[in-house]
Structure formats: structure tokens, C-alpha cells
1. Could you tell me which residue of the stretch 152-168 is least open to solvent (accessible area, probe 1.4 Å), considering only residues that are in a loop (DSSP other than H, G, I, E, B) and aliphatic (A, V, I, L, M)?
2. Would you pick out the residues in the stretch 128-151 that are in a helix (DSSP H, G or I), over 12 Å from the mean Cα position of the chain (by Cα), among the hydrophobic types (A, V, I, L, M, F, W, C) and more than 15 Å from residue 42 (Cβ to Cβ)?
3. Within the stretch 107-127, how many residues turn out to be open to solvent by less than 50 Å² (accessible area, probe 1.4 Å) and in a helix (DSSP H, G or I)?
Amino acid sequence: MPWIDGGYALARWLTGNATDAEDVLQDACARAWAALGSYAGGSARAWFLAIVRNCAYTWLARNRPHALEYTDDPAATEAERGIELPGYAPQPPVPPEALAIEQADRERLAAAVAALPPVFRETLVLREFHALGYREIAELTGVPVGTVMSRLARARSRLIADLGGSPA
């Protein structure tokens, strides 16, 4: 399947680490294989990512129920986690200072994305990292397109605020 890497990346963002993402992806692949006969058409990528998403939330509910808590002040309840972004190897010859700045920026961005509430983080990752359209995200998450747009706007606004901008 050409979407395995995307499924792994989504699972990693939702679970927060590589080992848990591998478990989720393995379960998702097994479920996708079992449900292949009932695939009704449409975007196969979105269908597979929906399976990964559902498996991730099932896994999180079983193994980390506190990770799915919703609150009015998510910054106060979510622990800061550093997640390194895969696939961003700098091209030589880049000065060491520039490498250090790039690494710090990646770490800040990863921490800011990880600190978002799960519904905002999920929407942002699906749109920005997996390039899914609003309708695909709406189908995948089971919410109206307007809700997807609202969540994405709020996620972007929080990122800007967390990274030193003015909105939020």
C-alpha cells in the first residue's frame, strides 16, 4: 500500500511515539485488509487514514485514557512532549549554526503541534502533513466541513501564538 508511510506518520502524531505508532499501524493494516471487500470507493487514501485514525483512538483509549481528556484549558492539562519531525535532513554544506537553528525551530514546531488539543492536532496533521482536503477530513473525522475549517483555523491560531506570533 502506498499510504503506509502516511498512516505511520498520522499514528505517530496521534500516539506521540514511534513504538505505539507501529502497534497502531499494524492493527490498522490488519483491519484494512479484513475490510477490503467492503471498500465502497472514493479516496482509498482517506479510507485508510480513517482506519488508522480509528485504530489510534481505540489504542489510546485502551492504553492511555488520560490522553483523550477534553478540557477548557488544554495547555494546562497536556504534558509538553518533544516529537522529532521525520524526513528533514539538511543538505550539506550548511553551517553548523544554521543547523542548530533549524533543529531548534523543528523542535519548537513539533512541541507546539504536540501541545494542541487532540481534535485540533488531528485536523492540522491531516491537512498540513497529509494534504487532505476539507471534505476528506470531514468524512474521515465524521464532522461537518465547517467544523474542520474552524478546527484548522483555531489550530493555526494557537500555533502562531505559541511560536511567538500575535493571534489566539
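1. Of the stretch 152-168, the ones in a loop (DSSP other than H, G, I, E, B) are 163-168.
Checking which are aliphatic (A, V, I, L, M) leaves us with 163, 168.
Working: 163: 63, 168: 107 Å².
Top of the filtered list is 163.
2. 145, 148, 149
3. The initial filter retains those residues of the stretch 107-127 that are open to solvent by less than 50 Å² (accessible area, probe 1.4 Å), namely 110-126.
Next cut, in a helix (DSSP H, G or I) only: 110-114, 118-126.
Selection size over the stretch 107-127: 14.
The values are calculated or read from the model by the stated rules, or taken from the named source; none is laboratory data. All values reported here derive from a predicted model rather than from experimental measurement. Here the Cβ is made from the backbone with ideal geometry for all residues, glycine too, and neighbour counts use every protein chain on show. SASA here: full protein model, heavy atoms, side chains in, ligands and nucleic acids out. Shrake-Rupley method; radii C 1.70, N 1.55, O 1.52, S 1.80 Å.
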